[in-house]
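Just so it is clear, none of the values below were taken in a lab; they were calculated from the coordinates. Quick caveat: nothing in here was measured; it's all calculated off a predicted structure. Here the Cβ is made from the backbone with ideal geometry for all residues, glycine too, and neighbour counts use every protein chain on show.
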């Protein structure tokens, strides 16, 4: 007569091979303890997410250096965000007061291609926030959303006055971050050379003094004759 362990191993093997119906049939002749064990096994299997694939899509490392084209790409964004955030966190201006309040102004795109500059500043802001040294106020692009929310709470009559957030209590940012990204593109035969320069600065909102500035340069060259 087979032992409990032998029967349990066989049940696990059947479930592992996808033969759930056969495992359930075997389970019907077992005692309550074995039934509970099988339910746990099936429950564990059920939590595994199925993989759906068309056969031509796969995940890659988001940190892998991207060299598909010499246009602005994910590696450039990550490189700029890392460089700018590390540099800014070393600025003496941020040590002058406890957790100064900063807002993000526009980074102007002066290149010949579309670049989502807000995505760059979002990454820089996220890295700086993680340091715990700085707080961020609503940036200029989201200010209207902030105003709309306060207006909704105070003027629509939908909220208790004691629970709504009052107008006039927003904090003015101590500093603002602003900058530009420019590019120079040159071609010679099959060779294309692209030079990017990302410039960022930290300005004291009260005095107008620029407290910090830095640049990140990137050069990318491609040769059609190599392909």
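Key figures for this structure:
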{"item": "Sorted peptide list for 175-181, 60-66, 151-157, 129-135, criterion being average Cβ within 10 angstrom, highest first", "result": "175-181, 129-135, 151-157, 60-66"}
{"item": "Over 20 Å [Cα-Cα, region 124-181], rounded percent", "result": "42"}
{"item": "Linear extension gain, residue 223 paired with residue 119, 0.36 nm per residue minus alpha-carbon span", "result": "34.6 nm"}
{"item": "Sites residue 62 and residue 195 - FRET efficiency at Förster radius 25 Å, r taken between beta-carbons, to 0.05", "result": "0.50"}
{"item": "Extension gain (nm, one decimal) between residue 141 and residue 170, 0.36 nm per residue minus Cα-Cα", "result": "8.8 nm"}
{"item": "Using a Förster distance of 45 Å, the FRET efficiency for residue 126-residue 159 (Cβ separation, nearest 0.05)", "result": "0.90"}
{"item": "Cα gyration tensor category, rounded, prolate or oblate, for region 91-172 with a/c compared to 1.5", "result": "oblate"}
{"item": "When region 69-227 is reduced to its Cα atoms, the Kirkwood hydrodynamic radius in Å", "result": "18.0"}
{"item": "Residue 108/residue 148 FRET efficiency (R0 30 Å; Cβ-Cβ; nearest 0.05)", "result": "0.70"}
{"item": "For region 136-227, average projected area of the Cα convex hull in nm²", "result": "10.5"}
{"item": "Extended-chain gain in nm, criterion 0.36 nm per residue less alpha-carbon gap, residue 188 and residue 78", "result": "36.7 nm"}
{"item": "C-alpha center-to-center spacing [region 73-97, region 100-173] in angstrom", "result": "19"}
